[in-house]
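What follows is calculated from the coordinates using simple rules that are stated; it is not laboratory data. Keep in mind it's a predicted model, so treat the numbers as computed, not measured. As a convention, Cβ positions derive from the backbone with ideal geometry for all residues, glycine included, and neighbour counts pool all protein chains shown.
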Amino acid sequence: MGGTCEKGGSIQDANRGSRQQRKAEVNTAQESSMAVPEFLSKAELLKQGAEARVYRAQFLGKPTIVKERFPKRYRHPVLDEKLTHRRTVQEVRSILRCRRAGISAPVIYFVDYNSHCIFLEEIVGSSTVRDHIASTQWSESCKEQKLEQLAEHVGQILAKMHDEDVIHGDLTTSNMLLRRGPKDVASDIVLIDFGLSYISALPEDKGVDLYVLEKAFLSTHPNTEELFEKLLKSYAASSRKSSAVIKKLDEVRLRGRKRSMVG
Ligand SMILES: Nc1ncnc2c1ncn2[C@@H]1O[C@H](COP(=O)(O)OP(=O)(O)OP(=O)(O)O)[C@@H](O)[C@H]1O
Ligand SMILES: [Mg+2]
């Protein structure tokens, strides 16, 4: 659990505050952007993406991932600022909503809306579900059983997330981490990368969310149609409102097929 920092505070304030108040998960530091770039200059850059940079650092004495959404020069500055701000807000909001519902997502330690940085709990020693599936597909021993269990687990988590009306917006197996249990068994799936997420109760939005995952899943992991069906079955069995969602998924699939036939 992270510490608190008043609006207008700095990372130093957050560190001080954390000793006093450890209850709140989110810190805001709207006028502290001077401190954040300095902090990031000493952090380890893990990934430079098209939209964000991901760093690893120690914050409040804890292993931390910092996700920084930087300005995009090709966009109008006002629009860019608006979009970047919105994605940061959406990411924080959905992570908190998931965590409140008992769905694993990283703890948020600190948010800076000036530099558009989110400081998150690092899921230490984790691997992405993508890498895990790929390596399990290569291994020989009980791979079907292991992969089916994993797919069922993912289906249950997504059902829970959709029952909370959280639409992830970018469901891929790279945006799911496997937290290693004490015996080094994959014990917990942690959802990440909520920048395109939003709140909606519409079955259509949930169906599209699953469709995005299906497309990503089948193209990333060849010959996994049956595995993905297992995931969907588990989703349908776990979600309170799954029948309307699966119906919409079928409609979206049909639309997708028609579109690809037309060209
Ligand atoms: N909390 C975390 N703990 C451990 N690793 C993390 C965490 N958050 C992100 N990562 C690592 O950084 C990678 C990129 O993070 P994320 O998906 O949030 O950013 P992104 O810029 O949207 O990346 P992408 O374009 O690949 O989706 C993840 O695939 C994961 O390997
Ligand atoms: Mg990602």
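Each other residue within a Cβ distance under 14 Å of Leu83 adds +1 if Lys or Arg and -1 if Asp or Glu, for a net charge of +3.
Taking packing as the residue-averaged number of other Cβ atoms within 10 angstrom, the listed peptides 104-112, 51-59, 70-78, 35-43 run from highest to lowest as 104-112, 51-59, 35-43, 70-78. Rounded, prolate or oblate: pick one for region 91-149, where a ≥ b ≥ c are the square roots of the eigenvalues of its C-alpha gyration tensor, a/c under 1.5 means rounded, and failing that, prolate if a/b is larger than b/c, else oblate. The shape class here is prolate. For region 233-261, backbone nitrogen atoms closer than 18 Å to the point 7 Å from Asp165 Cα along Cα-to-C-beta are found at 239-245. Taking Cα pairs under 8 Å and at least six residues apart, what relative contact order does region 41-121 come out at, in percent? About 26 percent, as a whole number. Give the residues of region 94-123 whose amide nitrogen is closer than 16 Å to a point set 7 Å from the Cα of Leu46 in the direction of its Cβ. Label zone hits: 105-110, 117-123.
Just to confirm the filter: which GluC sites (Glu not before Pro) across region 120-219 are DSSP coil and have at most 10 other Cβ within 10 angstrom of their Cβ? Sparse-neighbourhood loop GluC sites (Glu not before Pro): Glu140. Between Tyr109, Ser127, Ile95, the Cα set farthest toward the positive side of the dipole of region 86-138 (charges on each charged residue's Cβ, about the Cα centre) is that of Ile95. Using the Cβ of Ile157 as centre and a radius below 12 Å, the other residues enclosed give a net charge of -3, where K and R count +1 and D and E count -1. Once the other residues with Cβ under 14 Å from the Cβ of Val212 are scored (Lys, Arg +1; Asp, Glu -1), what is the net sum? Around Val212, the surrounding residues sum to -1. Averaging 1/r across all pairs of distinct Cα atoms in region 126-260 and inverting the result yields a Kirkwood radius of 15.1 Å.
Pairs on different chains or at least eight residues apart, Cα atoms closer than 12 Å: how many lysine pairs in region 126-260 fit?
5
Where a ≥ b ≥ c are the square roots of the eigenvalues of the C-alpha gyration tensor, would you call region 41-121 rounded, which needs a/c under 1.5, or, failing that, prolate if a/b is larger than b/c, or oblate? Judged from the Cα gyration tensor, region 41-121 comes out oblate (a/c at least 1.5, b/c at or above a/b).
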